[in-house]
1. Please work out if Leu234 is over 26 Å from Arg323 (Cα atoms), open to solvent by 60 Å² or more (accessible area, probe 1.4 Å) and among the aliphatic types (A, V, I, L, M).
2. Could you tell me which residue of the range 368-394 is most open to solvent (accessible area, probe 1.4 Å), considering only residues that are part of a loop (DSSP other than H, G, I, E, B) and of a type in the set (Gly, Ala, Ser)?
3. I need the helices (runs of 4 or more DSSP H) fully contained in the range 268-367, keeping only those with at least 2 residues that are modelled with pLDDT of 95 or more and either outside the structural domain of Asp202 (by the TED database) or surrounded by 16 or more Cβ atoms within 10 Å (Cβ to Cβ) (or both).
4. Has the range 86-103 got at least one residue that is part of a helix (DSSP H, G or I), open to solvent by 50 Å² or more (accessible area, probe 1.4 Å) and either within 30 Å of Gly445 (Cβ to Cβ) or not aliphatic (A, V, I, L, M) (or both)?
5. I'd like to know if the range 404-413 contains one or more residues that are within 25 Å of the chain's Cα centre (by Cα) and open to solvent by 50 Å² or more (accessible area, probe 1.4 Å).
6. Identify the residue in the range 436-452 that is within 18 Å of Asn383 (Cα to Cα), assigned to a loop (DSSP other than H, G, I, E, B) and in contact (Cβ under 8 Å) with a residue 40 or more places away in the chain and, among all such residues, is most open to solvent (accessible area, probe 1.4 Å).
7. Take Val120 and tell me if it is of a type in the set (Val, Ile, Thr), touching a helix residue (DSSP H, G or I) at 6+ places or on another chain (Cβ under 7 Å), open to solvent by 30 Å² or more (accessible area, probe 1.4 Å) and assigned to a helix (DSSP H, G or I).
Amino acid sequence: MANSCKVFSTLLAIFAVLAIVAAVSAENEGQKVVVEEQKLEPEFVWTLDHTNYSDIISQHKMIVVEFYAPWCGYCQQLAPKYEEAASVLSSHDPPVILAKMDTTVPENAELARNYTHNGVPSIKIFRNGGKTVHDYKGTRETDGIISYLKKHAGPASLEIKSKEDAASLIDEKKIVVVGIFPELCLEKIKNFTALAEDLRVDYDFVHTLDAKFLPQGGPVDKPTIRLLKPFDELYADFEDFQVEAMQNFIEETSVPIMAILDDKPENQAFVNHFLHSPGDKVFLFLNFTTDLDHFKSKYYDLAASYKGKEANFLLADAETGKRALEYFGLNTDQVPLIFVLAMDGTKYVQRHVQPDSLAAWLKDFKDGKLKPYLKSQPIPEVNNEPVKVVVAETLEDMVFNSGKDVLLEFYRLGCKYCEEFAPVLDEIALSFENDADVLIAKIDGTENDIPRERFEVQGFPTLYMISTAGSLSRFEGNRTKEAVIEFIQTNRGTPAPSDFAKADLTVSENAQTDSIKDEL
């Protein structure tokens, strides 16, 4: 379970980075909904909080909720667009309700925590009284919000009665899941409908009585699932209508032998399927202008040879995937570059790889011969401040093998709350400067790989106590000096010095004296 959580959290972060490509591309294609320019009072977006959240969600077949923070710049940019979309969608038949919740209100925090793993703003689509929850995957522009939600407010699956229907409803650049029902089978129709409701955010669903209307595949004489796709063999059929079996079939067949990350919006959906697929993830980053012709066919053949062996492949333009490279602690100067994210969360990399060495390197990975790659900041040459700096490469030695009780802060540069807590952490470190058994330290949680099987870090700052007794304790209280010191003393594995309280009082008194001097 720990490894699964680790891989899932890593993929969520990668998905957030690569989704930027989808947002930019989607904004530039397709017909745009024309919205009359007008000044709107903030009245169409409903306001949710801990007192009305459950009642309102439970009463609606579909409701869209934005989880936001007033201080967040992205939330501020989204607010007027979200409001304008809400005004238009309030007149849709049926009306689409848009709501919001302030995650900084303490009473709302527990409710919002389940929906803000990747930060704010976070938009979720609640269906059937909150029984199912989907991520909003459209753009953050007014017309994009409107068109996306109009589509998802309608039936989960549309009926095809003619070839003209098929031409208008089936986008040959997308994956489309078709339910073919040449004979009536209520249970199979019910299961297909439930599947469409559950996966409608990720796939287009249609159904028909006759396969002859479809652009790919032959006739069928029994209920059949047909997945149409613009790659590889173009379609695949399946006859098991058990919901879990259908889900597995779609998951497996919707991943190309080789997904491509470039600036073409139609490819982004297949990148998303690659990221959510099970198995090892293999990335090859190239300069498409100079390297593509040398690598593409060899990499495709390699990917094809691993089909069905729990490995999925992505070919990425380094410039388009620049932010993904940076997330891994890599850069475009190191391409051609092959990178593997294994099922257990470990990572492997080979910079400046050559086309003929791809297969041998990947075999070494499968055979367990490669050393894992660790994203880490450089080890500080000087580390003599009261709060010690930890990086990924020094985490084991400084935290787990130090023989000390360690309070470790996970922080992020630019984080408002981290900046506010920094002087408090300095004071805490000064309070323990004469206690040889306690170390106060910090690590940048965005620039260093964090062992997710040990630490659950969903926001910054996050504090953990790692005791000499081997226990890990997460701090959950108010981040005051007194509360954190009490937390350290309660969870440490070594006894506190008898003179600690007196020494700490002296520090506090000195701080108060300095404060009075400043005021005077």
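The values are calculated or read from the model by the stated rules, or taken from the named source; none is laboratory data. This structure is a prediction, so every number in the text was calculated from the model and none was measured. Ideal geometry is used to build each Cβ from the backbone, glycine not excepted, and the neighbour counts take in all protein chains shown. All accessible areas refer to the heavy atoms of the entire protein, side chains included, with ligands and DNA or RNA removed. Shrake-Rupley method; radii C 1.70, N 1.55, O 1.52, S 1.80 Å.
1. Numbers: over 26 Å from Arg323 (Cα atoms): yes; open to solvent by 60 Å² or more (accessible area, probe 1.4 Å): yes; among the aliphatic types (A, V, I, L, M): yes.
Yes; evaluated as a whole, the condition is true for this residue.
2. My answer is Gly368.
3. Details: elements: 288-305, 322-327, 358-366.
Ranges flagged: 288-305, 358-366.
4. Step one: filter the range 86-103 for residues part of a helix (DSSP H, G or I), giving 86-89.
If we keep only those that are open to solvent by 50 Å² or more (accessible area, probe 1.4 Å) too, we end up with none.
No, every residue in the range 86-103 fails to be part of a helix (DSSP H, G or I), open to solvent by 50 Å² or more (accessible area, probe 1.4 Å) and either within 30 Å of Gly445 (Cβ to Cβ) or not aliphatic (A, V, I, L, M) (or both).
5. Yes, there is a match, as at least one residue in the range 404-413 is within 25 Å of the chain's Cα centre (by Cα) and open to solvent by 50 Å² or more (accessible area, probe 1.4 Å).
6. Glu447
7. Details: of a type in the set (Val, Ile, Thr): yes; touching a helix residue (DSSP H, G or I) at 6+ places or on another chain (Cβ under 7 Å): yes; open to solvent by 30 Å² or more (accessible area, probe 1.4 Å): yes; assigned to a helix (DSSP H, G or I): no.
No, not satisfied.
Every residue, every condition in (1) under 25 Å from the mean Cα position of the chain (by Cα); (2) among the aromatic types (Phe, Trp, Tyr); (3) on the phi > 0 side of the Ramachandran plot, yes or no:
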{"site": "Glu43", "(1), (2), (3)": "no, no, no"}
{"site": "Thr51", "(1), (2), (3)": "no, no, no"}
{"site": "Ile63", "(1), (2), (3)": "yes, no, no"}
{"site": "Phe67", "(1), (2), (3)": "yes, yes, no"}
{"site": "Gly73", "(1), (2), (3)": "yes, no, no"}
{"site": "Gln77", "(1), (2), (3)": "yes, no, no"}
{"site": "Ser87", "(1), (2), (3)": "no, no, no"}
{"site": "His92", "(1), (2), (3)": "no, no, no"}
{"site": "Lys100", "(1), (2), (3)": "yes, no, no"}
